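Read through the structure below, which is laid out as structure tokens, and then see the notes.
No value in this document is a laboratory result; all are computed from the given coordinates. Here the structure is a predicted model, which is why all the values come from computation and not from measurement. In this analysis, Cβ positions are derived from the backbone assuming ideal geometry, glycine residues included, and neighbour counts consider all displayed protein chains.
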Amino acid sequence: MIIETFVLTPFQQNTRVVACEKTRAAICIDPGEASPEIVDFLRSNNYKLQAIALTHAHLDHIGGVSALHADFPEADILLHEDDEQLYYNLPEQPIFMGIPRSQLKALGLEYEKPPQLTRNWNDGETYTVGHLNFEISHCPGHSPGHVIFIEKSERKIFAGDCLFAGSIGRTDLPGGSYEQLITSINRRILPLGDDFTVYTGHGSDTTIGIEKASNPFLTGAYQL
Ligand SMILES: [Zn+2]
Ligand SMILES: [Zn+2]
């Protein structure tokens, strides 16, 4: 499995290209903003971008969908249905987050409506990229339609903004729920196994074992 990370947007979001080394099939997980580096990386390595695979629809994870799709129009765009409203409201998202309209341009947060989704993720489906098989698991709490991608044979998960090294996703944005997020993590992430590497939406990679042992939101050290 090839994993290339691009840290993008003022939110230091981890956009990733994940590819099968044998077949050159690739997906881009959460393109945060337009990035010529991603296009160069895909083209120069001869990867075939089959999908823009979204964990959820916050602006720092979907801001680059339009630009990437313009370069690779054959790529599918996939998102859980419970985040569709957020997705199509991309131009208004900075306003919901409290950023004044007058500052959008200067901050690079002025968005057009993103392109039509190809289809929705189904909870529990297996999504194949060459020889890689990702289980799609619905983990609401940070956003209503958040999903994670689990590659069991590689012992890797792409967790978006559910779980971070030493922290968890914020739950104060519209549709967020602290209880739901903790339940998602406890039921859908932690039981996978301590040796799983967690690729997070922001910050460094971690493992389930490290987070179980030391993440204050999971050890009980932090209680709301
Ligand atoms: Zn988010
Ligand atoms: Zn994020």
Using θ = phi - 60° and Karplus 6.51 cos²θ - 1.76 cosθ + 1.60, couplings along segment 77-86 (whole Hz; Gly, Pro as x) = 10, 10, 7, 5, 4, 6, 10, 4, 4, 4
Cβ-Cβ cut-off under 10 Å around Glu4, Lys and Arg +1, Asp and Glu -1: the net charge is 0
What is the Cα convex hull volume of segment 1-131 when expressed per residue in Å³?
-> 100 Å³
Ordered by residue, what ³J(HN,Hα) values in Hz, to whole numbers, does segment 137-149 give under the Karplus form 6.51 cos²θ - 1.76 cosθ + 1.60, where θ = phi - 60° and Gly and Pro are x?
-> 10, 6, 10, x, x, 6, 9, x, x, 5, 10, 10, 10
Residues meeting the amide H criterion for Trp121 (H placed from the backbone, H to H distance under 5 Å, 5 or more places apart or on another chain) are Leu79, His80, Glu81
Express the C-alpha Rg of the chain as a ratio against the empirical globular expectation 2.2 N^0.38 Å, rounded to two decimals.
-> 0.97
For the chain, modelled as a Gaussian network with Cα springs under 10 Å, which listed residue fluctuates most, His56, His131, His202?
-> His131
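Neighbouring Cβ atoms within 10 Å as the yardstick, rank Tyr222, Tyr127 fewest first.
Working: Tyr222 11, Tyr127 19.
Taking fewest neighbouring Cβ atoms as first place, the list is Tyr222, Tyr127.
Based only on other Cβ atoms within 10 Å, what is the fewest-to-most ordering of Arg119, Arg24, Arg16? Let's see the in-between values first.
Details: Arg119 11, Arg24 15, Arg16 21.
Sorted ascending by nearby Cβ count, the order is Arg119, Arg24, Arg16.
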Name the residue, out of Asn45, Asn133, Asn89, whose mean-square fluctuation peaks in a Gaussian network model built on the chain with Cα pairs under 10 Å.
-> Asn45
Starting from the Cα of Ser204, step 7 Å along the direction of its Cβ; do the same at Asp40; then give the gap between the two resulting points in nm.
-> 2.7 nm
Over 30 Å between Cα atoms, which of Lys152/Lys212; Lys22/Lys156; Lys48/Lys152; Lys105/Lys212 qualify?
-> Lys105/Lys212
What is the sum of charges around Arg119, taking Lys and Arg as +1, Asp and Glu as -1, for the other residues whose C-beta is under 13 Å from the C-beta of Arg119?
-> -4
Fraction of alpha-carbon pairs over 13 Å apart in segment 10-87 - percent = 63 percent
Whole-number percent relative contact order across the chain, with pairs defined as alpha carbons under 8 Å at least 6 apart | 15 percent
Per DSSP H run of at least 4 residues, take -39500 (n - 2.57); add these up for the chain, divide by its residues and hand me the 222 nm value, nearest 500 deg cm²/dmol.
-> -5000 deg cm²/dmol
Would you mind checking which residues have amide H under 5 Å from Lys48's amide H? H placed 1.01 Å from N; only 5 or more apart, or other chain.
-> Ala25, Ala26
Would you tally the net charge around His61, using a Cβ to Cβ cut-off of less than 9 Å, leaving His61 out, and scoring K and R as +1, D and E as -1?
-> -3
Sequence-distant residues sharing a close amide H with Glu21 (under 5 Å, placed H) | Ile2
How do Arg188, Arg155 line up, fewest other C-beta atoms within 10 Å first?
-> Arg155, Arg188
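Calculate, for Glu110 and Ile3, the FRET efficiency according to 1/(1 + (r/R0)^6) with r their C-beta to C-beta distance and R0 30 Å; round to the nearest 0.05.
On the way: r = 30 Å, r/R0 = 1.01.
The computed FRET efficiency comes out at 0.50.
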